[in-house]
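Below is one structure, written out as structure tokens, with a few remarks after it.
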Amino acid sequence: MPVDKGVTLDPARTREQILLVATEVLYEEGLDGVGVVGLCARAGVSKETLYRHFGSKEGLVRATLQARSDRVARWLREAAAAAGPEPADQLGAIFDALAGWYAEPGFRGCAIVNAAVQHHEGAARETAARHMDRHLELLSGIAARAGAAEPDVLARQILVLMEGAAVVADLHGVAGTGRQAREAALTLLRASAAPASGG
């Protein structure tokens, strides 16, 4: 919100406020649903202030999506870690966390994937690709600890379930989606660790 004359501005706080507002607005309305003027009005800053911090709307989009990716990656890592040392428990905890997210009011799917679907080039696409890599890193670690023969392949299969579940929960209803994705992921994990039968 606007600052009274003579009040000292805190650049870090201003930047954080813009990011917070942009995160909400871009998730609710999409990348093209609001312009710079609308974002500035919602954040209570001038265009000059926004450009000083982010350079452009694309710079703001990049920073917003990167901050969201950081939060999501940390959230899922912490969920897995809190579940204890067993890979199956860690994987189940990730899907439990996701199921809780699907049930939140205003859930509209993954903001990062949504942005990449709207803009197939540029900041949104690049951030989404890195976001997927972060998921794959977490999942392949779990797969390796579970004894999967091909941890990277299993991680990609589970990523398909994660991202597909978010789309289904958004477009076709939340009920059961998280649980079903969880069961499928754990089935894949168990199958990957099963010893090969002798001939």
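The values are calculated or read from the model by the stated rules, or taken from the named source; none is laboratory data. What you see is a predicted model, and the numbers here were worked out from it, not measured in a lab. Remember, those area values only see protein heavy atoms, side chains included, never the ligands or the DNA or RNA. Shrake-Rupley method; radii C 1.70, N 1.55, O 1.52, S 1.80 Å.
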Study note, to complete from the structure: D (µm²/s, integer) via Stokes-Einstein for the stretch 99-199, Kirkwood Rh across alpha-carbon pairs, 20 °C, 1.002 mPa s: value 145
Review point. Taking the Cα atoms only, what angle lies between the long axis of helix 123-145 and the longest principal axis of the chain, rounded to 10 degrees?
Key: 30
Review point. Can you give the direction-averaged projected area of the convex hull of the alpha-carbon atoms in the stretch 70-119, in nm²?
Key: 4.0
Exercise for review: Before rounding to the nearest 500, sum -39500 (n - 2.57) across all DSSP H runs of length at least 4 in the chain and divide by the residue total; then give [θ] at 222 nm in deg cm²/dmol.
Suggested key: -24500 deg cm²/dmol
Practice item. Give me the orientation-averaged projected area of the Cα convex hull of the stretch 1-100, in nm², one decimal. Key: 8.0
Review point. Who wins for biggest fluctuation among 27, 102, 51 in a Gaussian network model of the chain, springs between alpha carbons below 10 Å?
Key: 51
Study note, to complete from the structure: Of all C-alpha pairs within the stretch 93-139, those more than 11 angstrom apart amount in percent to 70
**Study point:** Accessible surface, the chain, averaged per residue in Å² (probe 1.4 Å)
**Key:** 55
Exercise for review: Could you tell me, in Å, what Rg and Dmax come out for the Cα atoms of the stretch 30-159?
Suggested key: 17.5, 55
**Study point:** Of all accessible heavy-atom area on the chain, the percent that carbon and sulfur account for (1.4 Å)
**Key:** 55
Review point. Taking only Cα atoms, what is the 0 to 90° angle, nearest 10, from helix 57-82's long axis to the longest principal axis of the chain?
Key: 40
